[in-house]
2 protein chains.
Amino acid sequence: MHHVQREQRVLDAASSLICRLGYDKTTMDDISREAGVSKGAVYLHVPSKEALLETLLMREMHRYASQWIAVVQSEPDGGTMGGMFRAMLLALADHPFMSAMLREDSQILGSYLRKPDNLLRKQGGRNTRAILIEQMQQAGAVREDIDPIIAAHILKMLSYGLISMGQIMSEDQIPELGPLVDAIASMLDSWMTPLLGFDSEAGKTLVRQMVEAAQTSDKPEQSE
Amino acid sequence: MHHVQREQRVLDAASSLICRLGYDKTTMDDISREAGVSKGAVYLHVPSKEALLETLLMREMHRYASQWIAVVQSEPDGGTMGGMFRAMLLALADHPFMSAMLREDSQILGSYLRKPDNLLRKQGGRNTRAILIEQMQQAGAVREDIDPIIAAHILKMLSYGLISMGQIMSEDQIPELGPLVDAIASMLDSWMTPLLGFDSEAGKTLVRQMVEAAQTSDKPEQSE
DNA sequence: ATATGACTAAAACAGCAAAATCAGTCAAAC
DNA sequence: GTTTGACTGATTTTGCTGTTTTAGTCATAT
């Protein structure tokens, strides 16, 4: 069995278990058993449980970002603010760890959240969302009179709200995801998109560039 | 000293202490000391600690609703969806207990949240927000092609997001409240308000009626 | 080489009794 | 009549014990 194959199986096992039981209640023995490998083998891929979670989080972030780009590229309205954000919310709903990170869910992330130098605290640097909106403005895809920082914050409120409502109200009171994100997209479009037509492709390019920039800065060890 | 006066002082003391320390860590002795009355006197007004919190929650809900109505009535755009919601968010930001209830904050509400028949669970009945939006549509103040249930849910996501962001990011990363709610209001207006002019007063009346209906249904013991 | 699982040290946990806390009461003071 | 605060019993916390769990290792087997 190849290393890469086995690493995937370990990560998959860890992912499914941690989603179900949470980081604290999932043991390394559980993971190795679920992955069908020995415990020692797990430690050939990952130096510690904490690092395993971080690897997992990174993988999920990359998958999430990739899905986001892919949808943005393929949809005709992927370059509009609404289309962009709808793709983001749908990708978010598909990636439980991404959601757990965004809402800092202690049920899933458990004691990892309390570590002083966890991944969440690190990436609290510059406001990439605001920068994207600013670039969208320069490209003519977003109205000039909107403050990028405030708009970025509203987007954050919406994403946070979307993935958190399940915690405080029963599932059957929450509308279906599809129509809900469609409505959010149309709301954003009517608010942010200028009346004049604009180049949707420009928006798509901006998203791709932003994600690629973020992903290369994740892995400085690959630079040469 | 009059009963009513003292009751206010007790409630004020309880409010300030519970906001700071949370329900669990605030003792009845703390409250009586802070209010400057004896413990026995507290029990002349309130039968139990739990009832004290519920009295407090009711008072805060009424104050919140009153402030909301007042601002809606006084502002020129109070009858538009945006103006209405801006007034609501500002009132929310002024009423910590209302916010704590909305976000089901266990830091503040503590063990009260776990009680099986608390106030929060009771009022989980019909979706008053959606009904208001439906009525706004009938009054011509909201576009017909918007689904009231979905729109109501988006409003809930926005309120929840607004009062919850402080929990997951530092205060200095959050924009000022005024410009933020202005932006949200203008977003909602551009999304929900029809292009044709409409009667803003009609919207104000709807809000007043809704709040009054809710407040009278709170006190069935006063009927007769 | 590569992979394993018994092993270890450290941490988490369950059980328990003593001590402290606190919601609620009521005889006494005003 | 009104108000008080010392008092009470139930609950929670604390400090301790012995036991179990678990992250990570490494001598051995493949």
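The values are calculated or read from the model by the stated rules, or taken from the named source; none is laboratory data. The structure presented is a predicted model; accordingly, all values stated were derived computationally and were not measured. Cβ: placed from backbone, ideal geometry, glycine included. Neighbour counts: every protein chain shown.
Within region B:43-68, residues that are away from chain A (no Cβ under 14 Å) sit with their Cβ atoms under 7 Å from residues that are of a type in the set (S, T, N, Q) and within 15 Å of DNA strand C (Cβ to nearest atom), at 6+ positions apart or across chains, in these pairs: B:46/B:55. Looking only at region B:116-129, residues that are farther than 17 Å from residue B:58 by Cβ, at pLDDT 85 or above and assigned to a loop (DSSP other than H, G, I, E, B) come to 1 in all.
Candidates A:106, A:99: the one that is surrounded by 15 or more Cβ atoms within 10 Å (Cβ to Cβ), small (Gly, Ala, Ser), under 19 Å from residue A:160 (Cα atoms) and in contact (Cβ under 8 Å) with a residue 40 or more places away in the chain is A:99. Among the residues of region A:37-76, just one is within 19 Å of residue A:162 (Cβ to Cβ) and outside any helix (DSSP H, G or I), namely A:75. Exactly one residue out of B:132, B:113, B:180, B:158 is assigned to a helix (DSSP H, G or I), in contact (Cβ under 8 Å) with a residue 40 or more places away in the chain and within 12 Å of chain A (Cβ to nearest Cβ): that is B:158.
The rows are residues; the columns are (1) within 16 Å of DNA strand D (Cβ to nearest atom); (2) farther than 18 Å from residue B:135 by Cα; (3) not assigned by TED's automatic domain parsing to the domain that holds residue B:187.
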site: B:52; (1), (2), (3): yes, yes, yes
site: B:69; (1), (2), (3): no, no, no
site: B:77; (1), (2), (3): no, no, no
site: B:80; (1), (2), (3): no, no, no
site: B:86; (1), (2), (3): no, yes, no
site: B:92; (1), (2), (3): no, yes, no
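In region A:161-173, the residue that is surrounded by the most Cβ atoms within 10 Å (Cβ to Cβ) out of those that are at the interface with another protein chain (Cβ under 7 Å from one of its Cβ atoms) and without any contact (Cβ under 8 Å) to a residue 12 or more places away in the chain is A:161.
Residues that are over 20 Å from residue B:105 (Cβ atoms) and in a helix (DSSP H, G or I) were ranked within region B:14-36; the one that is nearest to DNA strand C (Cβ to nearest atom) is B:28.
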